[in-house]
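> Before I ask anything, here is the structure I am working with.
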Amino acid sequence: MAATDQLQFQEFDEAADLLAATPNATTRSASAESRPQHATLHMGGDSEEEGETDQTELLAPQKKASGFWTFQYYQDLFDVDTAQVLDRIRASFIPMPGKNFVRHHLRNNPDLYGPFWICATLVITVTVVGNLATFIEMNGKQGYNYSPQFHKVTVAGIIIYSYAWLVPLALWGFLQWRKGVNTVVGTYSFMETVCVYGYSLSAYIPSTVLCVLPYEIFRWIILLVAMCLSGFVLVLAFWPHVRKDNKMVAIGMLASIVLLHVLLAVGCKEYFFRRVEAETLSPPITTPKGHITTQKV
């Protein structure tokens, strides 16, 4: 017994010395050390959890909604990074069947940063490239005097921004009304609808730049391709909400969306990129002193 007591006192002294050297160290009791250690092994279910996570990310709201009268509400609409904007622009250029633009790319987090600058860029490209195309096509021809048409900037701004705001407003109101009539009809928020329309116009930017080439058939083809890509984004986004509604109502709504989109593309082509040869120029007028003047009719 004396030897055992001496051994215990010796161990106690050693432990006291260790604690004095490292005061922040933690100690464990003998009973804790004697407890069996358990390890938890998770097997299976990974794919299901990942699917649930993806579904939650797609359907759950990303941030708490603020009132539209608050500054935070408008700040959230511009709270978007470059990667998100590029992903949404890429999705509008390459629409994929079965992938809803709102659910797969907006994810209940619409922004106005992308739509605002896409519309602004389109206004600039339409007017600048339209003037440049006219100058390239008619430069050097007799009876043509170039003059920049700055008023087209105002016209382009009114047309494009009105289309990007008023048409979504009318569509959102229509879907709200149909949802009250038929509960199977779905709808997006107003900002999600505006966001879809704004990003859908991004396909027109490179197409209007290519319209600087003085080839009428090429201009029609490139604008029709942009119109089809852009319209396909809209159809894929809104068709799931109305496919269970009355067939006449659903087809009429989609036909209205496509018709307004076609009118935008054709109107821009005929107003900003029309054939300059169709303009009638008066023949040269020779003055008594031999000077030649021209006048556009």
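> Quick one: which of Val126, Val185, Val102, Val155 is modelled with pLDDT of 90 or more and in contact with a helix residue (DSSP H, G or I) (Cβ under 6 Å, 6 or more places away or on another chain)?
Just one listed residue meets the conditions, Val126.
> Determine whether region 100-122 contains at least one residue that is surrounded by fewer than 17 Cβ atoms within 10 Å (Cβ to Cβ), of a type outside the set (Lys, Arg), outside any helix (DSSP H, G or I) and touching a Phe, Trp or Tyr at 6+ places or on another chain (Cβ under 7 Å).
yes
> Let me ask something else. Working carefully through the options Gly198, Gly173, find the one that is out of contact with any Cys (no Cβ under 7 Å at 6 or more places or on another chain) and either touching a residue at least 60 places away in the same chain (Cβ under 8 Å) or of a type outside the set (A, V, I, L, M) (or both).
After applying the criteria, what remains is Gly173.
> Would you confirm whether any residue within region 203-214 is modelled with pLDDT under 90, of a type outside the set (A, V, I, L, M, F, W, C), open to solvent by 70 Å² or more (accessible area, probe 1.4 Å) and over 27 Å from Tyr113 (Cβ atoms)?
No, region 203-214 contains no residue that is modelled with pLDDT under 90, of a type outside the set (A, V, I, L, M, F, W, C), open to solvent by 70 Å² or more (accessible area, probe 1.4 Å) and over 27 Å from Tyr113 (Cβ atoms).
> Oh, and also: If Ile159 passes every condition in (1) open to solvent by less than 40 Å² (accessible area, probe 1.4 Å); (2) assigned to a helix (DSSP H, G or I) but one, which one does it miss?
The failed condition is (1).
> Quick one: in region 136-152, which of the residues that are open to solvent by 70 Å² or more (accessible area, probe 1.4 Å) and not hydroxyl-bearing (Ser, Thr, Tyr) is farthest from the chain's Cα centre (by Cα)?
By that ranking, first place goes to Gln142.
> A follow-up question, please. Conditions first: (1) open to solvent by 20 Å² or more (accessible area, probe 1.4 Å); (2) within 21 Å of Pro97 (Cα to Cα); (3) assigned to a helix (DSSP H, G or I). Thr193 passes all but one, so which condition is the exception?
(1)
> Out of (1) in contact (Cβ under 8 Å) with a residue 24 or more places away in the chain; (2) within 24 Å of Leu213 (Cα to Cα), the odd one out for Val167 is which?
(2)
> Among the residues that make up region 210-226, is at least one of them closer than 14 Å to Ser92 by Cα and in contact with a helix residue (DSSP H, G or I) (Cβ under 6 Å, 6 or more places away or on another chain)?
The answer is yes; a qualifying residue exists.
> I'd like the full set of residues that are touching a Ser or Thr at 6+ places or on another chain (Cβ under 6 Å) and not β-branched (Val, Ile, Thr), limited to region 86-104.
If the condition is that a residue be touching a Ser or Thr at 6+ places or on another chain (Cβ under 6 Å) and not β-branched (Val, Ile, Thr), then Ser92 is the only one that fits.
> Scan region 85-113 and report the pairs whose first residue is more than 16 Å from Glu192 (Cβ to Cβ) and whose second residue is among the charged types (D, E, K, R) and surrounded by 18 or more Cβ atoms within 10 Å (Cβ to Cβ), with Cβ atoms within less than 6 Å and a gap of 6+ or a chain change.
Matching pairs, first to second residue: none at all.
> Related question: What residue, among those in region 220-256 that are of a type in the set (Val, Ile, Thr) and open to solvent by less than 10 Å² (accessible area, probe 1.4 Å), is modelled with the lowest pLDDT?
Val242
> Mind telling me which of the residues Leu166, Leu132 ends up being assigned to a helix (DSSP H, G or I), under 24 Å from the mean Cα position of the chain (by Cα) and closer than 20 Å to Val266 by Cα?
On inspection, the qualifying residue turns out to be Leu166.
> Quick one: Tyr188 ticks every box in (1) aromatic (Phe, Trp, Tyr); (2) free of Cβ contacts under 8 Å to residues at least 60 places away in the same chain; (3) outside any helix (DSSP H, G or I) except a single one, so which number is it?
(2)
> Looking for whichever is within 29 Å of Trp172 (Cβ to Cβ) and within 22 Å of the chain's Cα centre (by Cα) here; the options are Val249, Val235. Which one fits?
Val235
The values are calculated or read from the model by the stated rules, or taken from the named source; none is laboratory data. Only a predicted model underlies this, so the values are computations on that prediction, with no experimental measurement involved. As a convention, Cβ positions derive from the backbone with ideal geometry for all residues, glycine included, and neighbour counts pool all protein chains shown. With ligands, DNA and RNA removed, areas are computed over all heavy atoms of the protein, side chains included. Shrake-Rupley method; radii C 1.70, N 1.55, O 1.52, S 1.80 Å.
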